[in-house]
1. What are the ³J(HN,Hα) values, in whole Hz, obtained from phi via the Karplus relation 6.51 cos²θ - 1.76 cosθ + 1.60 with θ = phi - 60°, for each residue of the range 214-229 in sequence order, with x given for Gly and Pro?
2. Would you calculate the separation in nanometres between label points at residue 76 and residue 253, each defined as 7 Å from the Cα along the Cα-to-beta-carbon direction?
3. Once both axes come from the Cα atoms, what is the angle between helix 46-57 and the longest principal axis of the chain, in degrees from 0 to 90, rounded to 10?
4. DSSP loop trypsin sites (Lys or Arg not before Pro) in the range 337-395 with at most 12 other Cβ atoms within 10 Å of their Cβ, which ones?
5. Return the unpartnered cysteines for the chain, using a Cβ-Cβ cut-off of under 4.7 Å.
6. Using semi-axes √(5λ) of the Cα gyration tensor in Å as the read-out, say which of [x] 45, 42, 19; [y] 37, 30, 26; [z] 41, 31, 28 was calculated from these coordinates.
7. From the square roots a ≥ b ≥ c of the eigenvalues of the alpha-carbon gyration tensor of the range 174-278, which class results: rounded (a/c under 1.5), prolate (a/b over b/c), or oblate?
8. Per 0.36 nm of contour for each residue apart, how much would the distance between residue 274 and residue 434 grow if the chain were fully extended, relative to their Cα-Cα spacing?
Amino acid sequence: MTDRLKITMLRKAGLTPAQIEEALEAERNSGQTLDRVLVTRNLLPEAKVLDFLSEYLGIPKNPNLTGSKVPEAFIQVVPVQFARTHNLIAVGRRNGVVEVATCTPLDVQPMDELASLLESEVEPVLAPKQEITNLINRAYRHKADGVDEALDDIEEEDIMGLATEIEESEDLLDVANKAPIIKLVNMLLFQALKLRASDIHLQPFPDHLQVRMRIDGILYDMEAIPKKAQEAITSRVKVMGKMDIAERRLPQDGRASIRIGDGDVDVRISTVPVNYGERIVFRILDKTAKVFRLHEIGLSEENLKIFRRYLSYSHGMIFVTGPTGSGKTTTLYAALTEQDSTEKNILTIEDPIEYNLAGISQVQVNTKKGLTFAAGLRSFLRQDPDVMMVGEVRDTETAEIAIRAALTGHLVFSTVHTNDSASTVTRLIDIDIEPYLVSSSLLLVVAQRLVRLICPHCKELVPPDEKVSFQIEELGLDRDRFPEGKIWKGMGCDECFHSGFQGRTAIYEMLPIDEHIQHQIVERASATDIKRGAIQRGLKTLRMDGIEKLLSGMTTPGEVLRVTQMDIV
């Protein structure tokens with residue numbers, strides 16, 4: 001493509017002469033193609049780049065690859081590393097030509113290599129990078145991840161000769177010249193990311209090391225690694241987490257940063273000595289994962305309206321509550337994306353920082369250096385903030401500073417571990433916060449839980465069996481509330497590990513702190529009394545919200561019962 005054509009194209013896309021010059025200069029000097037330069041330098045959003053390339057190059061565009069089926073031949077022939085590195089995935093075959101989704105159509109060399117690998121003609125289709133990544137993950141999910149191959153490569157002499165150096169941020173896809181043990185650990189992490197696992201457990205048994213992965217909140221058994229490799233794997237993991245390899249009798253914590261192509265993933269590692277060795281748990285924080293918007297996290301229209309009303313306040317305290325792993329941070333991030341970071345100074349203190357938010361200053365807790373939630377919050381007050389987010393209120397000091405900040409003209413978000421919305425109010429009083437401070441600062445308490453969604457690939461309407469009938473009765477529902485008396489059930493398929501579930505959504509309980517509750521707080525009323533009165537005034541509880549999602553065919557009676565308690569009447 002000539003410079004004149006590029007200039008015409010960029011001018012039509014809305015770039016200024018200075019930006020056009022910057023883009024062309026960067027293309028010449030960096031070796032990157034023009035489309036990649038525009039996106040990486042934030043000169044244009046990816047969607048707009050794809051739109052004008054589609055128009056100028058005459059290449060069709062598909063903004064959503066959710067229903068696309070990848071030809072089996074592509075998965076068998078093309079290595080996952082190649083597909084990920086070049087962001088290429090086949091989305092169909094027509095008249096003997098393979099249609100390949102790409103987000104960088106001006107980089108033609110990988111397409112030529114792909115044509116050679118497939119021994120077929122290929123044609124590009126434009127799609128967003130995130131859609132391509134998601135489809136690659138789905139397509140290669142059931143293909144051997146290299147874990148079995150890495151296990152086959154392990155020989156006795158390899159186990160003793162363990163590499164002890166690790167790069168600052170290692171690329172999981174770069175396994176070609178790695179030692180088998182390193183390759184095995186990398187492949188386990190890569191497999192976990194593809195399967196959307198939040199945690200990897202390495203649990204020692206007398207004769208093997210069992211790999212387990214938590215997917216959608218449930219643990220699944222994966223590979224069983226030979227016992228002979230256990231010590232080497234433990235040492236490798238400790239090297240990754242910068243822990244003491246020689247210490248085997250005490251628990252240790254570490255963290256590592258790894259890369260997948262050009263995406264960063266943080267891994268927190270915990271080791272605990274047990275009777276057959278050391279048990280290891282990885283917590284995976286994929287920073288490349290999508291940050292959800294408020295309308296995407298499972299809020300009903302009514303709850304969304306309530307939440308947005310309080311997000312528009314200039315000061316006060318909003319708490320999100322629930323057990324560990326119930327999606328509280330995701331909800332807070334979604335709330336922060338509703339705030340205008342160009343007009344407001346938004347600061348967060350977190351442990352750990354789970355996602356990077358554009359335009360928002362995020363601080364990582366570091367207790368060893370004295371940077372606690374309370375210390376960070378104190379320093380925030382000298383940073384002229386409009387909105388603050390505190391990862392968690394764990395003690396009286398943090399709660400006091402957060403509440404005083406809310407009273408002095410700041411909007412403060414935080415999380416706390418309580419069973420429901422009403423018990424959050426009494427928890428604050430229990431940790432010695434004066435009731436008058438709680439009643440005057442608190443705006444809204446959001447309680448939440450995560451329920452698994454029925455797998456869309458194997459979803460069927462079936463008559464409820466005896467167990468499900470009992471669960472429906474337990475929820476206080478009649479069979480006639482369901483279509484033809486039947487309920488939706490996932491029958492189990494390869495896509496969902498034969499569990500019948502794929503993905504999760506949240507159920508919510510929104511407790512606005514109205515005048516009535518403010519009086520109850522000052523009078524030190526119990527959580528039961530606060531909740532009972534709120535239900536009478538229209539509070540929709542976690543179970544009620546869960547039942548709505550059950551009746552709409554999103555989840556099952558067992559899931560709603562699993563995560564909710566019986567309502568106060």
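The values are calculated or read from the model by the stated rules, or taken from the named source; none is laboratory data. Values in this document were obtained by computation on a predicted structure and should not be read as measured data. Ideal geometry is used to build each Cβ from the backbone, glycine not excepted, and the neighbour counts take in all protein chains shown. Accessible surface areas use protein heavy atoms only, side chains included; no ligands, DNA or RNA. Shrake-Rupley method; radii C 1.70, N 1.55, O 1.52, S 1.80 Å.
1. My calculation for the range 214-229 gives 8, 10, 6, x, 10, 7, 10, 6, 10, 6, 10, 8, x, 4, 4, 8 Hz in order.
2. 4.9
3. Approximately 30 degrees, to the nearest ten.
4. Loop-located and lightly packed - 382.
5. 103
6. Looking at semi-axes √(5λ) of the Cα gyration tensor in Å for this model, the match is [z].
7. Verdict is rounded for the range 174-278.
8. Value of the extension gain: 53.2 nm.
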